[in-house]
Amino acid sequence: MYIKKQRLLTPGPTPLLPQAMHAMMGADIHHRTADFRKLYKQVLADLQFVMGTKNDVLVLVASGSGALEAAAANFLSPGDHVLICSAGKFGERFIEIAKAWGLKATVLTAEYGGAVAPEVVERALAEHPDLKAVMVQASETSTGSMHDIRRMGLAVKQTKALMIVDAITGLGTMPLEIDEWGLDVVAGGSQKAFMIPPGVAFLSISPKAWEAGRSAQLPRFYFDLRKELKNAVNGESAWTPSIAILLALAEALIYVKELGMDKLIANAEFLAQATRKAVTALGLELFSSSPGNSVTAIKAPPGMDSGVIVKEFRTRFGSIITNGQGSMQGQIFRIAHLGYFDISDCFMLIAQLELILAANGYPVQFGRGVAAAQEAYAAVAIAPGAVLV
Ligand SMILES: *Cc1c(COP(=O)(O)O)cnc(C)c1O
């Protein structure tokens with residue numbers, strides 16, 4: 001085919017919301033002006049609203065990992081004992097952060113594709129009363145798994161430890177009752193379900209976390225959240241902010257508020273479900289035994305390198321999807337659902353996948369996966385009493 005539209009369909013960066021993209025062109029404003037203060041106050045209030053929390057929300061100029069680093073540096077002291085749930089590459093990032101900041105980490109590991117069971121966390125909390133924090137991914141993007149944040153949060157809430165959640169792909173893809181479940185620090189990033197380019201990260205911070213931060217001894221400067229809070233109260237950021245990304249975020253938040261965070265979550269949930277049905281109808285296997293809604297990780301058929309599938313998505317169709325990371329590279333490919341994805345993206349990707357599999361010698365009855373996705377759509381949008389249009 002001669003014309004191919006390149007489409008960014010990865011679990012971060014994700015497809016961009018058009019009105020958010022357009023808003024970025026208004027970035028010629030100064031950050032110590034009333035215009036900026038109005039924008040910043042609005043963004044902070046809307047973030048707090050869509051995250052559904054009364055906790056303070058702060059924005060940092062960083063990719064998501066900056067928020068994870070800030071979460072460690074602001075509320076802990078050297079040698080503090082932390083519990084890390086690790087079920088993939090992002091869990092391993094928490095381990096690296098703990099090492100870099102001189103924390104003593106006890107690690108609960110789930111194999112790739114699995115998830116750490118909440119009972120294991122409950123047991124560890126009982127065994128180690130000295131724990132200062134529990135760190136966990138809501139959604140482990142590298143494997144497509146999710147954790148039971150509700151149960152873990154409620155268990156941590158009863159202790160002195162802080163519940164630090166990497167919700168970078170969890171926000172907007174799964175319910176997270178931040179206040180009720182005792183999620184003390186919740187990190188998010190702009191380039192995931194928020195439909196805008198990378199560039200800002202954000203955190204919600206509970207009173208319990210601020211209290212712990214008061215005596216925390218780790219050094220901090222650029223990511224000093226106390227300094228950010230002091231400025232945020234006046235509608236300003238501590239340092240020069242990422243103005244273009246904030247303009248985009250403001251637009252995206254208007255969109256998400258209008259849609260409703262519950263609908264954004266339901267959208268990802270539905271697309272994940274339809275995708276799972278489609279790929280299993282094609283005889284493929286899911287990689288995760290506890291699949292979440294942000295991304296679906298699929299095993300390449302035996303004898304086929306998933307890198308070939310990912311490459312053919314790009315070369316044949318212009319669709320940018322992702323391979324597995326680390327040792328999962330070559331074994332799995334990942335189809336994302338978070339943020340600005342719709343059912344047509346799902347139909348398209350499954351149709352493309354069928355063709356790619358066929359081109360690589362895997363027996364495919366064309367339309368089988370697409371039909372499963374169509375049936376999933378029809379069940380909720382065409383059937384009598386359908387709720388979704
Ligand atoms: C994307 C992502 C991050 C952050 O990665 P950055 O490259 O720093 O934005 C952290 N955790 C999870 C689960 C992610 O999906």
Quiz item: Given DSSP loops and a limit of at most 15 other Cβ atoms within 10 Å, what is the longest stretch of the chain that contains no such trypsin sites (Lys or Arg not before Pro)?
Solution: 161-389
Practice problem: Specify the inter-centroid distance of segment 352-366 and segment 233-270, based on alpha-carbon positions, in whole Å. | Solution: 39
Quiz item: Quick one: net charge of Ile321's neighbours, Cβ under 9 Å, K/R +1, D/E -1?
Solution: +2
Quiz item: Exposure proxy check: Ile3, Ile254 ranked by fewest other beta carbons within 10 Å?
Solution: Ile3, Ile254
Quiz item: With the contact rule set at Cα under 8 Å and sequence spacing of 6 or more, what percent relative contact order holds for segment 1-109?
Solution: 16
Quiz item: For the peptides 43-53, 195-205, what is the packing order when you average, over each peptide's residues, the other Cβ atoms within 10 Å and list the highest mean first?
Solution: 195-205, 43-53
Exercise. Scale the Cα Rg of the chain by the rule-of-thumb value 2.2 N^0.38 Å and send over the ratio, two decimals.
Key: 1.00
Self-check item: Cut-off under 5 Å, modelled amide H: who pairs with Leu108 long-range
Solution: Ile84, Cys85, Ser86
Self-check item: Exposure proxy order (Cβ contacts within 10 Å, fewest to most) of Phe94, Phe317
Solution: Phe317, Phe94
Quiz item: Just how far, in whole angstrom, is segment 292-338 from segment 117-146 if you go by their alpha carbon centroids?
Solution: 27
Quiz item: Which cross-chain or sequence-distant (5 or more) residues have an amide H under 5 Å from the amide H of Ala133, H modelled 1.01 Å from N in plane?
Solution: Leu83, Leu162
Quiz prompt | the chain, relative contact order in percent, only Cα pairs under 8 angstrom and at least six apart counted | solution = 23
Exercise. Any chance you could run the full-extension gain for Arg226 through Gln6? It's 0.36 nm times the residue separation minus the Cα-Cα distance, nm to one decimal.
Key: 75.0 nm
Practice problem: Using per-residue counts of other Cβ atoms within 10 Å, averaged over each peptide, order 292-298, 181-187 from highest down. | Solution: 292-298, 181-187
Exercise. Show the residues, 5+ positions off or on another chain, whose built amide H is closer than 5 Å to the amide H of Val295.
Key: His337
Practice problem: Taking the Cβ of Leu355 as the centre, find all other residues whose Cβ is under 15 Å away and add up their charges (Lys, Arg: +1; Asp, Glu: -1). | Solution: +3
Exercise. Starting from the Kirkwood radius over alpha-carbon pairs of segment 276-386, derive D by Stokes-Einstein at 20 °C in a medium of 1.002 mPa s and give it in µm² s⁻¹.
Key: 149
Practice problem: Can you tell me how much longer the chain between Lys157 and Lys38 gets when fully stretched, taken as 0.36 nm per residue apart minus their C-alpha distance, in nm with one decimal? | Solution: 39.4 nm
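Only the coordinates and a few stated rules stand behind these numbers; no lab work does. Predicted model, so just to flag it, every value in this text is computed and none were measured. Because the Cβ atoms are built from the backbone with ideal geometry, glycine has one as well, and the counts that use them run over all protein chains shown.
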